[in-house]
Amino acid sequence: MTPYELGEKRVDWVFSHMPVLQRIRADYAREQPFKGLTVAICLHLEPKTANLGLTIRAGGATVVMCPSNPLSTQDSTVAYLQRHLTCFGARGEDPESYHRHFHETLDFKPDLIIDDGAQLLSTLHKERRELLGGVIGLSEETTGGVNIIKAIERKEGLRFPCMGVNTALMKHLFDNRYGTGQSTIEGLLVATNLTVCGKVVTVAGYGWVGKGVALRMRGLGAEVIVTEVDATKALDARMEGFRVMRMIEAAALSDVIITTTGGLNVIDEPHFAVIKDQCILTNVGHFNREINIPALRASAKTEREVRPDVEEFAMVDGRRVYLLANGELVNIAVGQGHPAEIMDMTFALQSLAPKYLLENRASLEARFHTVPEAMDEQVARMKLDTMGIEIDARSDEQRQYDDYY
Ligand SMILES: NC(=O)c1ccc[n+]([C@@H]2O[C@H](COP(=O)([O-])OP(=O)(O)OC[C@H]3O[C@@H](n4cnc5c(N)ncnc54)[C@H](O)[C@@H]3O)[C@@H](O)[C@H]2O)c1
């Protein structure tokens, strides 16, 4: 099978499980909301995102896509997409080419942007300021990117409206929690071929991603520890039945540590000094900065690859630490990412967001925006409908009762 044929089969398979996106694509093909416009998309280049790109293209746009992580690119998806739209990227490419693709994508002077980790936005603000004036709006995929948008807004101001799709309930309740929860299992198992049951698994961070990962690890029979910096979230984890402690204590007890914070050096030098022999370190936060890899390297006597995507670091006292996928998001770099049914909701939002930005361009200020409640509700109702689930509606009597003062 050629890479193109494999790409086509994979893209078709996931699309057959994305009924909401199918409806939006059919609407867009009729309405042509993006006719004459260029839309730049920076996302993991895999079959589900391919379907987002093809949906935007069906709406009449010229679409240019580039990867949001060099390890998550599927070459078969790129081979398929390149026959339908402009697409840059190759799996495992070097940092220079990866970075160059942001510029090649921006060279198309996009009117609208769909971003992940605010990578195109950061490139625009730092290196391509001449293009800032031409952008109508941007929608951002993930928590890490929303943080960067807010930092740019605080420090120098935004030049166009930026919508955090992650703020939608239909995104973070499902994609971050259940999507990452399930795909982390896949990444961990494919990388290691070891058990989860009977192991002590520490989840760093109990936000939406951490909740999903902790839930699924418990479901597989692990004893789960949670570490947090937020008192409320730590209490929430404890009430949910997880053990909560500091990372310095957890490191000594854990067979697996999974970082989900989006922060910096959550596992650091002091932890490497006490970490349990044969502990597996892995990350599902957006950037590979949660495990201090230079410090791990400095703490180790030797390092070697023991399996694809598994590096062993041997300490002077003989303890071994295994790092998966160089600290990149294991669910995407090793696993195949979130299930199609979950990304159906995320990419429904990601395809509706540019249309909203376009239709409301006269009234939307150049600042950070959350997803309007109506859009969240629209996607929720479409998803229920495609699942054949009907729900009750409040009666007039119930409405009057609820509004009573
Ligand atoms: N792998 C994926 O497919 C995927 C999917 C969605 C989101 N993400 C990424 O996962 C990360 C988390 O997303 P989220 O939606 O859960 O964010 P969130 O803000 O809901 O949760 C992050 C949690 O980490 C905690 N935290 C911060 N620093 C910490 C530290 N040093 N130690 C322990 N806890 C700490 C915070 O208090 C917070 O509760 C982000 O980087 C996001 O972009 C990845």
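The values are calculated or read from the model by the stated rules, or taken from the named source; none is laboratory data. This one's a predicted model, so the numbers in the text were calculated from it and none came from an experiment. Counting neighbours? That spans all protein chains shown, and the Cβs are built from the backbone with ideal geometry, glycine included.
Just so you know, in region 201-220 the residues that are more than 13 Å from the ligand (Cβ to nearest atom) and in contact (Cβ under 8 Å) with a residue 40 or more places away in the chain include one that is nearest to Asp277 (Cα to Cα), and it is Val201. Per the listing Phe347, Phe313, Phe287, Phe272, the residue uniquely in a loop (DSSP other than H, G, I, E, B) and of a type in the set (Phe, Trp, Tyr) is Phe287. State all residues of region 239-269 that are under 22 Å from Thr143 (Cα atoms) and not in a strand (DSSP E or B); if no residue qualifies, say none. If the condition is that a residue be under 22 Å from Thr143 (Cα atoms) and not in a strand (DSSP E or B), then Thr260, Thr261, Gly262, Gly263, Leu264, Asn265, Val266 are the ones that fit. Out of the residues in region 101-137 meeting the condition of being in contact with a Phe, Trp or Tyr (Cβ under 7 Å, 6 or more places away or on another chain) and either more than 16 Å from the ligand (Cβ to nearest atom) or of a type in the set (Val, Ile, Thr) (or both), tell me which one is farthest from Leu358 (Cα to Cα). So, considering only residues that are in contact with a Phe, Trp or Tyr (Cβ under 7 Å, 6 or more places away or on another chain) and either more than 16 Å from the ligand (Cβ to nearest atom) or of a type in the set (Val, Ile, Thr) (or both), the one farthest from Leu358 (Cα to Cα) is His101. Of all residues in region 166-187, those being aliphatic (A, V, I, L, M) and either touching a Leu at 6+ places or on another chain (Cβ under 8 Å) or near the ligand (Cβ under 7 Å from one of its atoms) (or both) number 3. Is one or more of the residues making up region 188-199 within 17 Å of the chain's Cα centre (by Cα), crowded, with 24+ Cβ neighbours inside 10 Å and within 10 Å of the ligand (Cβ to nearest atom)? No, region 188-199 contains no residue that is within 17 Å of the chain's Cα centre (by Cα), crowded, with 24+ Cβ neighbours inside 10 Å and within 10 Å of the ligand (Cβ to nearest atom). Being β-branched (Val, Ile, Thr) and either assigned to a loop (DSSP other than H, G, I, E, B) or buried (at least 23 other Cβ atoms within 10 Å of the Cβ) (or both) holds for only one residue in Val321, Val306, and it is Val321. The set of residues from region 155-172 being in a helix (DSSP H, G or I) and either of a type in the set (Gly, Ala, Ser) or touching a Phe, Trp or Tyr at 6+ places or on another chain (Cβ under 7 Å) (or both) comprises just one member, His172.
Restricting attention to region 312-330, the residues that are among the β-branched types (Val, Ile, Thr) and out of contact with any helix residue (DSSP H, G or I) (no Cβ under 6 Å at 6 or more places or on another chain) total 2. Can you spot a residue in region 147-156 that is without any contact (Cβ under 8 Å) to a residue 12 or more places away in the chain, surrounded by fewer than 24 Cβ atoms within 10 Å (Cβ to Cβ) and not charged (D, E, K, R)? The answer is yes, given that some residue of region 147-156 is without any contact (Cβ under 8 Å) to a residue 12 or more places away in the chain, surrounded by fewer than 24 Cβ atoms within 10 Å (Cβ to Cβ) and not charged (D, E, K, R). Within region 258-290, the residues that satisfy the criterion of being β-branched (Val, Ile, Thr) and within 11 Å of the ligand (Cβ to nearest atom) are Ile258, Thr259, Thr260, Thr261, Val266, Ile267, Thr282, Val284.
Pull up region 379-405, narrow it to residues that are modelled with pLDDT of 95 or more and of a type in the set (Ser, Thr, Tyr), then point me to the one that is farthest from Tyr356 (Cα to Cα). The extreme case among them is Ser395. Across region 253-294, the number of residues qualifying as aliphatic (A, V, I, L, M) and in contact with a His (Cβ under 9 Å, 6 or more places away or on another chain) comes to 1.
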